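Since the structure comes first, as structure tokens, the remarks are kept for the end.
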Amino acid sequence: MASPDSNGGVPAAESRARIQRIVEQEDIELIRFLWVDHNSVTRGKAVSRQALPGRMDSGIGLARSRQASSLLDLGQPVPGFDAVGEVRLVPDPDSFVRLPHAPGSAAMLCDLLTVDGDPWDACPRTFLKEALAAAGEYQVVAAFEPEFTLCSTQPSPGVLDLFDDSLCFDNEGFDAADSYTVDLLRALRFQGLTVETYHPEFGAGQHEMTLRHAPALRAADNYVWQRATTRGTARRKGLWATFAPVPAPGMRGNGNHAHLSLWQPGQDGRPPVNLFADPSDELGLSTLARHFIGGLLAHLPGLTALTNASVNSYHRLRPGMWAGAFGAYGLDNREAAIRIPTRLRGDETGSTNVEVKICDSTANPYLALGALIHAGMDGIRRGLDPGEPLHADPNRLSADELRRLGVTALPRTLEEAVDALERDEFLMSVLGPARAALYPAIKRADVRDMKELGSDSEYFTHAVRF
Ligand code: GLU
Ligand code: MG
């Protein structure tokens, strides 16, 4: 992995012609125009094959207030988000994929634009684009590392029928899920996604498949397809896959760690350079990377609302879960919110990156990645020092020792996280007024609704929605 994978991206004009060819040659009838809402639910509308060429630019109309929906699909009373007003779902041709689990259908990811065709300030994908613009000359490379739980049947309240009870990395687990995982791998490869690794994870029914890192927007899009195809392939085989952080009480958590690095793009035949790498450093990190980490640590409590975005997230974000519940960074420290993975031998420079462990799959990938980039860039701008890395397992340290080492506490509930986000003036200002009003309102509604539903229904709701 010397340089980031482009996953076969082609110029827009060319990809339009390619899309039309594929649609006709492969008898695709329905093309979904999708976006990911504030709760990380992928939603959309679709056009027929005949309507596609006309809709590539004009898009499909959508009520503005859809972006004010809670997890229970209840519109929140945010000014400007009521029964009046439209935006447009306009597809990015570079994101086109066929859907092997739904033959005859294809899909693209969309930006939400105003009716005049301008970027809309409540669009999550636009937020990531803004963060990439704020990164200036740096190319941001990213990858998500989602874990999921495979079930034999669709969950019902109080019941999660796990597909296998294999141990972590258990060869029996590979066998138990082989027919599913091989179908999934084929489907992802067919979609142009490059899978790096797969393994049965720690908990019963838990699995993990990672995609190759890519430029950040592409990495977020790839993750959306991976999640959809993982769930769709399961559904087609009569199974159920859930990315909920903790789909049933007492289970190990499903993380979705985010990996980030800043690169100098390749120029005049020269290959791209990973600016996070410094071979002479003890952790292999450059000063730039350390400042980036300093920014992440400085904004960690507020970031949590965007990376651990559901009530359910906080069953996972706890000590002992290897979810990174301690506000610190460390080399291969799986309890630190930010892990520095040891470099791969033979590719020391290329494999240097920063892993944000706290992230889970209820986070909108565009908002989470965008906020992480903004926070890291803030650290670079202000030259923030992340302090010493945490070498010890924080579970073995006393409260006094943790304090002395500068290990901070993270929010313990979604409510605390939203409070921290609202206190973080920098994050609120980069979100912009629309998102800064919508996001806390939606999350506070989820907190209220989940409390009312009670524990069984809360786990169930997350196990089916994610
Ligand atoms: N399942 C853990 C989590 O929730 C991660 C385990 C690991 O892969 O280190 O993040
Ligand atoms: Mg894992």
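The numbers here are math on the coordinates, done by the rules we state, and not lab data. Note that the coordinates shown come from a computational prediction; the quantities given were computed from them, not determined experimentally. As a convention, Cβ positions derive from the backbone with ideal geometry for all residues, glycine included, and neighbour counts pool all protein chains shown.
A cut-off of 5 Å between modelled amide H atoms, ignoring neighbours fewer than 5 places along the same chain, links residue 162 with 152. About its Cα centre, the range 89-163 has a charge dipole of approximately 300 debye under the convention of +1 per Lys or Arg Cβ and -1 per Asp or Glu Cβ, with nothing else charged. Listed values for the range 310-324 are Karplus-derived 3J(HN,Hα) couplings in whole Hz (6.51 cos²θ - 1.76 cosθ + 1.60, θ = phi - 60°), namely 10, 4, 5, 4, 8, 6, 8, 6, 9, x, x, 9, 6, 9, x, and x replaces Gly and Pro.
Using the Karplus relation 6.51 cos²θ - 1.76 cosθ + 1.60 with θ = phi - 60°, the per-residue 3J(HN,Hα) values for the range 327-340 come to x, 6, 10, x, 6, 6, 8, 7, 9, 8, 4, 10, 9, 9 Hz, with x marking Gly and Pro. Each of 151, 123 was scored by other Cβ atoms within 10 Å of its Cβ. Arranged with the fewest first, they read 151, 123. Residues whose amide H falls under 5 Å from that of residue 246, counting only those 5 or more places apart or on a different chain, are 254, with hydrogens built in the peptide plane. Give me the net charge for the shell around residue 404: Cβ to Cβ below 15 angstrom, other residues only, Lys and Arg +1, Asp and Glu -1. Result for the neighbourhood of residue 404: -1. Neighbour counts of other Cβ atoms within 10 Å put 120, 225 in the fewest-to-most order 120, 225. At an R0 of 45 angstrom, the distance between the Cβ atoms of residue 422 and residue 237 translates into a FRET efficiency of 0.55. Only helices enter this figure: runs of n ≥ 4 DSSP H residues, each worth -39500 (n - 2.57), summed and divided by the residues of the chain, yield -11500 deg cm²/dmol at 222 nm to the nearest 500.
Residues 115, 87, 356, 47 in ascending order of nearby Cβ atoms (within 10 Å, fewest first): 115, 47, 87, 356.
Neighbours of residue 217 by Cβ distance under 12 Å: Lys/Arg scored +1, Asp/Glu scored -1, total -2. Summing Cβ point charges (Lys, Arg +1; Asp, Glu -1) relative to the Cα centre of the range 222-324 gives a dipole of roughly 820 debye.
For the range 203-318, rounded, prolate or oblate, judged on the Cα gyration tensor with a ≥ b ≥ c (square roots of eigenvalues), a/c < 1.5 rounded, else prolate if a/b > b/c? Oblate is the answer for the range 203-318, as a/c is 1.5 or above yet b/c matches or exceeds a/b. Grab the chain and count how many Lys pairs have their alpha-carbon atoms under 27 Å apart, sequence gap of 8 or more, or different chains. Within the chain, the lysine pair count is 8. Across the chain, Cα pairs under 8 Å and at least six residues apart give a relative contact order of 18 percent. In this structure the amide hydrogen of residue 363, modeled in the peptide plane, comes within under 5 Å of the amide hydrogens of 309, none closer than 5 places in sequence on its chain. Within the range 348-452, list the GluC sites (Glu not before Pro) lying in a DSSP loop whose Cβ has at most 15 other Cβ atoms in a 10 Å radius. Hits after loop and neighbour filter: 348. Within the shell of other residues whose beta carbon sits under 12 angstrom from the beta carbon of residue 118, the net charge comes to -2, with Lys and Arg scored +1 and Asp and Glu -1. With Cα atoms defining each centre, the range 79-146 and the range 172-187 are spaced 31 Å apart in the structure. Using θ = phi - 60° in the Karplus curve 6.51 cos²θ - 1.76 cosθ + 1.60, the 3J(HN,Hα) couplings for the range 291-304 round to 5, 4, 5, x, x, 4, 5, 5, 9, 3, x, x, 4, 4 Hz; x is entered for Gly and Pro.
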